[in-house]
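Student: Handing you this structure, nothing more for now.
All of the numbers you see were taken from the coordinates with simple rules; none came from a lab. All of these numbers come straight from a predicted model, not from anything done at the bench. Don't worry about glycine lacking a Cβ; one is built from the backbone with ideal geometry, like all the others, and counts go over all protein chains shown.
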Amino acid sequence: MKNIFTIDTEDWFHANYEDGLFQNDAAVKSTVEENTEVYLEALERNNATATFFVLGFVAEQHPNLVRKIAQAGHEVASHGYGHQLVYKQSPEAFREDIQRSKKLLEDITGKAVLGYRAPSWSITEESLWALAILQEEGFVYDSSIFPFKNFLYGISGAPRFPFPAVQYHPEATNLLEIPPSTVRVPGMNIPFSGGFYFRALPYPFIHMFAKQVNREGHPVVFYLHPREIDPQQPRLKLSKRDALIHYYGIGACRRKMEHMLRDFACQSMAEYVNQKR
Ligand SMILES: [Zn+2]
């Protein structure tokens, strides 16, 4: 079974722990190109494809990177434009943000953008209206509802495997929701397949949990960010808790990512969606 690898393609300073943490600023030293290259090389070596949810701000600054991703046969999908939490935006501002990012990416690649992932999984109980807007704006799938709730995101009890988004909004009749992977233990879902959880867990656990998801008949949805394999990146001024979440395990993440790509065949979300249809 092929699994799904996704990379939220944004810069080292795109984080949502507190308001005003950073300003989108083209003058800040960017690391997104060199770090994304690491993923492109690893994917090529392992004969795998992936979905790059590219932030509109990054696409504007680095159009050649977006072209390179598409030319290598990967899917370019949308991570919105400005990396603002969906539940802190008005529906009107959200619509403008996703229109702007979708058009930017489509103009660069000449290909339709099919999928969206919200910054910090910010489609929650408070922002389910976003699902109807995504469908209206021409998206085919969304990957923004985390079936595990914490201080920043998630809907507890949300489905663990791909499901019709109409389950959460009556107007999202044609949108497929593809959640990140979790394993089920009595009473709760445990995340493991990306971000902090992937960095914090020893690789044998990630391997075991991924195999468990495959045994349940589903692809694992892995997700990482360009910055997560870069111990040399500039540091944000964060609280202790947020710094732990943002930087824990950065040193070993590249090796684990490469190990994962060797052990698990991966493809893009669009390829998965096409096979499912
Ligand atoms: Zn992001």
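Student: What number comes out for the charge environment of ASN274, summing +1 per Lys or Arg and -1 per Asp or Glu over other residues with Cβ under 14 Å away?
Tutor: Around ASN274, the surrounding residues sum to +2.
Student: Nearest 5 is fine: what % of DSSP beta bridges in the chain come out antiparallel, could you say?
Tutor: Here the antiparallel bridges make up roughly 25 percent for the chain.
Student: Net charge near VAL183: determine it from the other residues with C-beta under 14 Å of the C-beta of VAL183, scoring Lys and Arg +1 and Asp and Glu -1.
Tutor: Cβ neighbours under 14 Å give a net charge of +3.
Student: TYR248 to LYS111: FRET efficiency via 1/(1 + (r/R0)^6), r the Cβ-Cβ distance, R0 30 Å, to the nearest 0.05?
Tutor: Calculated transfer efficiency: 0.25.
Student: Specify the residue with the greatest mean-square fluctuation among VAL58, VAL166, VAL140, computed from a Gaussian network of the chain linking alpha-carbon atoms under 10 Å apart.
Tutor: In the Gaussian network model the winner is VAL166.
Student: Return the whole-Å distance between the Cα centroid of the stretch 179-219 and the Cα centroid of the stretch 123-170.
Tutor: Taking the Cα centre of the stretch 123-170 as reference, the centre of the stretch 179-219 is 20 Å away.
Student: How would you classify the chain from its alpha-carbon gyration tensor, with a ≥ b ≥ c the square roots of the eigenvalues: rounded for a/c under 1.5, else prolate if a/b is greater than b/c, otherwise oblate?
Tutor: It is rounded, given that a/c, with a ≥ b ≥ c, falls under 1.5.
Student: Same structure, new question: Can you tally the net charge around ASP263? Count Lys and Arg as +1, Asp and Glu as -1, for every other residue whose Cβ sits under 12 Å from the Cβ of ASP263.
Tutor: +2
Student: List the chymotrypsin sites (Phe, Trp or Tyr not before Pro) in the stretch 1-100 that DSSP assigns to loop (not H, G, I, E or B) and whose Cβ has at most 16 other Cβ atoms within 10 Å. Which are they?
Tutor: TYR17, PHE22
Student: What length, rounded to one decimal in nm, is gained on full extension from LYS240 through to MET208, with 0.36 nm per residue of separation minus their alpha-carbon distance?
Tutor: Computed gain between LYS240 and MET208 is 8.5 nm.
Student: According to a simple spin-label model (label point 7 Å from Cα along Cα-to-Cβ), what is the distance in nm between GLN61 and ARG215?
Tutor: About 4.4 nm, to one decimal.
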